[in-house]
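The values are calculated or read from the model by the stated rules, or taken from the named source; none is laboratory data. These numbers were taken from a predicted model, which means no experiment stands behind them. Methodologically, a virtual Cβ is constructed for each residue, glycine included, from the backbone with ideal geometry; neighbour enumeration extends over all protein chains shown.
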């Protein structure tokens, strides 16, 4: 039996008067890569960001419904949001390394979550290796992270997330600012991370969704129209809208 | 042909106004430096005034101005940055926040003499600090607050949200995010604002007039409850209040040179910080 890692039930989300997500019900299985696809403005990123509570800082965002990590209610008043974000990591569209050195970009999260000081160097080395970045940066860990190339920066951002050993990694179009070679490296990285993490990724790239994901959710105007295995969504979609979108007729 | 001519005339007009502004600045600087430069020497800045201020230097006024600027900094910088961080990072957009912002902007427009009277009422009399370098420094601090708040807020606004999201998504609290990422990244902008504000405050005369500046004191300012001499007031006094104005005129010009060099020096530091930041981005 596949274990459900992350789920949303009867999720409605609005910014002020404007409803962005309408009655979302979706379950993500452990150790799978799930792609969220759909035209711009359909609510993919909004859904993604509701799992690690990134909407907390927008005063006009209203979240209703149940979001769960395993059996933990993510919007429970007694749960600390920092703990949730440690367990559900996030990688953003544009690489956003901290204005610190490569090493400090990884040690930062470890320090704020009070990992034992003597373990930190090994944890950092391990995370950089897992993110295919170690060989490129091992001699210049003190270098400012902003001096790295865009693709390297994005792998650093993934390493920064991975080093905390989260259970889920959310990725919001992580390759949209990168060239094809860097994109290839990130995709390879995502495939290798799957064995340890559950990954939910927003992408506009249909080929990418087909290459990397186990399941695909197609969203349109704030609703999940179709959620099925990658093969079914692309080869045999059940909904007219999905067929038109993956066939490239709109979006 | 006609269009070309109007273009040319417009150009002449704009360049002309720029030249006139620069010309006036040049004349002022030339006048002050040509008349004052000869009286500036090491002795001038390292000696107290002598013989009824007709001889000697300006050391007490220089020290007084430094004291004053130091107190202003210690008072205005922490409160100013704290207020700006609250407004930009924590305050939710509401009527109250808008009122606070508008009030701060209005504070910047209040004539400095009013700050002087307010300082007299609050610090000198109300809080019984007397006419002292502390009262005057706090008064200048009040005057500087709105500028520091506004420039700090501008610097914070320039930090993209993606920077804040980076640490928040790692599980940092909002306070950690501000302390570890937002403030360090905004620091050059904040420093520039602080320095420009202080250079302005150092040249103010009206606010210190009622709150502690003295015509002449024997010895140097050495404690917070003492009266003090300050460069701008010393200049005013030498050029209008002294009994033998003609005799002390070179000293007045010399004082002006020192004050201008001090203020320009601060501004140069601010420009350097801004230049360095721009080349880094």
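Rundown of residues vs (1) touching a residue at least 24 places away in the same chain (Cβ under 8 Å); (2) under 15 Å from residue B:138 (Cα atoms); (3) surrounded by 21 or more Cβ atoms within 10 Å (Cβ to Cβ), yes/no style:
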position	(1), (2), (3)
B:201	yes, yes, yes
B:208	yes, yes, yes
B:217	yes, no, no
B:222	no, no, no
B:225	yes, yes, no
B:228	yes, yes, yes
B:231	yes, no, yes
B:236	yes, no, no
B:240	no, no, no
- prompt: Of all the residues that make up the stretch A:84-107, how many are facing chain B (nearest Cβ under 7 Å) and over 16 Å from the mean Cα position of the chain (by Cα)?
  reply: 2
- prompt: Given B:156, B:96, B:183, which one is within 14 Å of chain A (Cβ to nearest Cβ) and within 30 Å of residue A:86 (Cβ to Cβ)?
  reply: B:183
message: Quick check on the stretch B:12-19. Is at least one of its residues at pLDDT 90 or above and under 26 Å from the mean Cα position of the chain (by Cα)?
response: yes
message: Could you tell me how many of the residues in the stretch A:1-39 are outside any strand (DSSP E or B) and either within 17 Å of the chain's Cα centre (by Cα) or more than 22 Å from residue A:211 (Cα to Cα) (or both)?
response: 8
- prompt: Within the stretch A:108-142, how many residues are part of a loop (DSSP other than H, G, I, E, B) and away from chain B (no Cβ under 14 Å)?
  reply: 9
- prompt: Of all residues in the stretch B:116-132, which are in contact (Cβ under 8 Å) with a residue 24 or more places away in the chain and not in a loop (DSSP other than H, G, I, E, B)?
  reply: B:116, B:117, B:118, B:119, B:120, B:123, B:124
- prompt: If you go through the stretch B:47-70, how many residues are within 30 Å of residue B:100 (Cα to Cα) and surrounded by fewer than 20 Cβ atoms within 10 Å (Cβ to Cβ)?
  reply: 1
Residue among B:135, B:103 that alone is more than 14 Å from every other protein chain (Cβ to nearest Cβ), touching a residue at least 12 places away in the same chain (Cβ under 8 Å) and under 20 Å from residue B:79 (Cα atoms): B:135
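Within the stretch A:80-95, take every residue that is part of a loop (DSSP other than H, G, I, E, B) and in contact with a strand residue (DSSP E or B) (Cβ under 7 Å, 6 or more places away or on another chain) and give me the one that is farthest from residue A:109 (Cα to Cα).
Per the criteria, the residue is A:93.
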